[in-house]
Amino acid sequence: MYLGVDYYPEHWDINMMDEDMQRMTAMGANIIRIGEFAWHLMEKEEGSYDFSFFDHVIEKAKGYGLKVMFGTPTATFPAWLAKKHPSILSKDEYGHTRAFGGRRQYCYNSKVYREYSTKIVRQLVNHYKDEEAIVAWQIDNEFGHEGSDQCYCDQCHHGFQRFLEAKYQDIDQLNEVYGTIFWGQTYNGFDEIPMPQPTITTHNPTLRLDWARFRSFSINDYGKLQIDLVRSLKGTDQEITHNFYGGFFEKAYDQNIMSEHLDFVSYDNYPVWGGLKEPLKPGHIAMTHDYVRGLKNRNYWIVEELMGAQGHNVIGYLPRPNQAKMWAYQAMAHGCENMLFFRWRGMTRGAEQFCLGIIDQDNEDGRKYQEVKSFMKDVVNHGTVIKSEIQSDIAVLYDYDNIWSWYNQQQSSTFNFTDELVRLYMPFYTLNTCIDVISIRKDFSKYKVILVPVMQMIDEDLSLRLETFVQNGGTIIFSFRSGIKDRNNNIYFGQVFPCKIRQMAGIRVKEGESLQLDQMVEIVGEGRYDGNKGNCMVWRDLIIPETAKVLYRYNDQFYKENACITENQYGRGSVYYVGGGVNEEVLEEIAKEIVQARGIPWIDSPKGLEVYKRDLNGVEWLFINNHTDREVMYEGMEIEAYGSKIVRGQTM
Ligand code: GLA
Ligand code: ZN
């Protein structure tokens, strides 16, 4: 097991290295990540490569028994390159060139940038391919983050037009699929097609979806160029990874594609960042881990685990004592098996002087140092269970085409895709069940339950796979606006909603409406839920049950005949349809009924206490994390505020 820190020795007096590394190893570290962002240090002038500083760092590290993850430095190109070739700089949607001065301002489609990236990476990896201290190469840093997924430069415009020509071949085919007859937008040639830059009203929905697909293609294509180069040069035992970040559903970038070319996936875990008043909800943090694990259906690394308050120009919430440590334990519970904390010491100069690390500006071994030390000294004893595979009976399915459609057309001003995915995820998280979060392109036939949040786009292929799943005894939970669009982002014509799943859901939907901020509709239970009440926000489908049973109806003047939540027995399985942004309590009761009926292991725990079970060689292990600010009792154990434990459970 690798446990370590992100280390930027180039930020400090070189004579501090010995003491730094001595303190790191005393803390329990056995690996450091270096090099990302240090392109200028390696190539001060074009073509004069010098790795002597990092040679020295690596020699020092080896003296302390520290292994190394080396980051390729292409996220921050040198000023001399921007000066010589300003064409590498990306442009925002207004066509403004992004100035040198931040990071990741390059265009993924810049031929010049690809040439220079290739040169520096080739020199770097050739220099260190036989260095046995280097166990992994991190490609660039957080592709697509901080707005870098979008570029509206000429290179991207021409690239987009070529991308469309390759996809549609014939401009008439594109016109037909887009419906460009609408508003007289018919194109005579691919070279007439714009990027979806600011206009009056809004762009064609299919053009906007194709643009997102092109952005994702651009990022993945640039990443693959570098991955293939490193793979062709690196040492046999050196692996390749890239570090993904949270907020992944907000980007025009499908990380599943990049992950296919990596040896392992890495994640940067920041439960709170910038001026947030409080951290993400525990279930939301858990979902991000399950998503990252789902990229390759394998455990992963965390190469940036938050320990100090973070932010560029605004910092907010201070993680309470042991809270950041608890988040690290939570990550281990959800499939992280090697972890580096961000960063060894906060840098007092430069743009991230408020991105605090383990060590602060006083350079003392303070509270955070002791927390990381205690964490490392503990988890190192649990390597086998931490590396074991997580077996889930439940999966959440997502599709980036669908997400990008929602991103461009929210339909409700209170809609947020991630919130709606977490809405279905949370009730099963609260029951402490193991949940995978995977792309629809992955096989989901092995699961007992699949959650399908706001899947507008359901095509024939997905419909058939879902049909097979439920016929074979699976349970599906759909939520609102399911099956209204085809994969071209166009609304199905001549078919009753929900298209492609109407029979299995046993319902039809004729009308619906968005619900605005602080607007909620009361829903009332029926049948076995008689007497229950709940509420619905964001959107509501006015469901007309056909073969389905009504579980909840709307309780309002015009629509009390319409259902909000239904259940349909179909084949050997069952299909639930949640027709709106329903509250947690209502969904928790349904989730509990499902896990019990399906014999899915679940654990009852006090609110805020996450108890994640791992079975290893006939022994149950429990990862217990208290996400609350008060002591909680569990099974005779006192779990302190923000406390964590890995305990051996019963023998099965
Ligand atoms: C991201 C980046 C790091 C650093 C941190 C600051 O995760 O990967 O380089 O900027 O944020 O929180
Ligand atoms: Zn560009």
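Residues of region 621-643 being assigned to a strand (DSSP E or B) and open to solvent by 30 Å² or more (accessible area, probe 1.4 Å), which ones?
Residues satisfying the conditions are Trp621, Met633, Met637, Glu638.
Could you go through region 150-167 and let me know if any residue there is small (Gly, Ala, Ser), closer than 20 Å to Lys83 by Cβ, part of a helix (DSSP H, G or I) and away from ligand 1 (no atom under 16 Å from the Cβ).
No: region 150-167 contains no residue that is small (Gly, Ala, Ser), closer than 20 Å to Lys83 by Cβ, part of a helix (DSSP H, G or I) and away from ligand 1 (no atom under 16 Å from the Cβ).
If we keep just the residues of region 256-275 that are part of a loop (DSSP other than H, G, I, E, B) and farther than 30 Å from Leu318 by Cα, which is nearest to ligand 1 (Cβ to nearest atom)?
Leu262
Does region 102-119 contain any residue that is touching a Ser or Thr at 6+ places or on another chain (Cβ under 9 Å), without any contact (Cβ under 8 Å) to a residue 24 or more places away in the chain and within 12 Å of ligand 2 (Cβ to nearest atom)?
no
What is the number of the single condition among (1) aliphatic (A, V, I, L, M); (2) within 15 Å of ligand 2 (Cβ to nearest atom); (3) in the same structural domain as Gly95 (by TED's automatic domain parsing) that Met195 does not meet?
(3)
Confirm whether Tyr253 is within 16 Å of ligand 2 (Cβ to nearest atom) and part of a loop (DSSP other than H, G, I, E, B).
Judged against the criteria, Tyr253 is a match.
Within region 311-339, count every residue that is within 15 Å of ligand 1 (Cβ to nearest atom), touching a residue at least 40 places away in the same chain (Cβ under 8 Å) and open to solvent by 10 Å² or more (accessible area, probe 1.4 Å).
So the answer is 6.
Take the residues of region 78-106 that are away from ligand 1 (no atom under 16 Å from the Cβ) and of a type in the set (S, T, N, Q): which is most open to solvent (accessible area, probe 1.4 Å)?
Among those residues, the one meeting the criterion is Thr97.
Being open to solvent by 10 Å² or more (accessible area, probe 1.4 Å), in a loop (DSSP other than H, G, I, E, B) and of a type in the set (Asp, Glu) is the requirement here; does Asp228 meet it?
no
If you check every pair at least six apart or on different chains, which have Cβ atoms under 7 Å apart with a residue in region 146-157 that is more than 7 Å from ligand 2 (Cβ to nearest atom) first and a residue that is basic (Lys, Arg) and in a helix (DSSP H, G or I) second?
From region 146-157, the pairs are Asp149/Arg215; Gln150/Arg215.
In this structure, is Phe493 surrounded by fewer than 17 Cβ atoms within 10 Å (Cβ to Cβ) and farther than 14 Å from Val396 by Cβ?
yes
Quick one: would you say Thr384 is of a type in the set (Val, Ile, Thr) and part of a loop (DSSP other than H, G, I, E, B)?
no
Determine which member of the set Ser463, Ser479, Ser445 is hydroxyl-bearing (Ser, Thr, Tyr), crowded, with 22+ Cβ neighbours inside 10 Å and touching a residue at least 12 places away in the same chain (Cβ under 8 Å).
Only one candidate passes the filter, namely Ser479.
Please find, within region 10-46, the residue that is surrounded by the fewest Cβ atoms within 10 Å (Cβ to Cβ) out of those that are touching a residue at least 60 places away in the same chain (Cβ under 8 Å) and more than 31 Å from the chain's Cα centre (by Cα).
Ranking the qualifying residues of region 10-46, first place goes to Ala26.
The values are calculated or read from the model by the stated rules, or taken from the named source; none is laboratory data. Since the model is a prediction, treat every value here as computed from it, not as a measurement. Here Cβ is always computed from backbone atoms with ideal geometry, including for glycine, and neighbour counts include all displayed protein chains. Please note that ligands, DNA and RNA were not included when accessible areas were found on the heavy atoms of the full protein model with its side chains. Shrake-Rupley method; radii C 1.70, N 1.55, O 1.52, S 1.80 Å.
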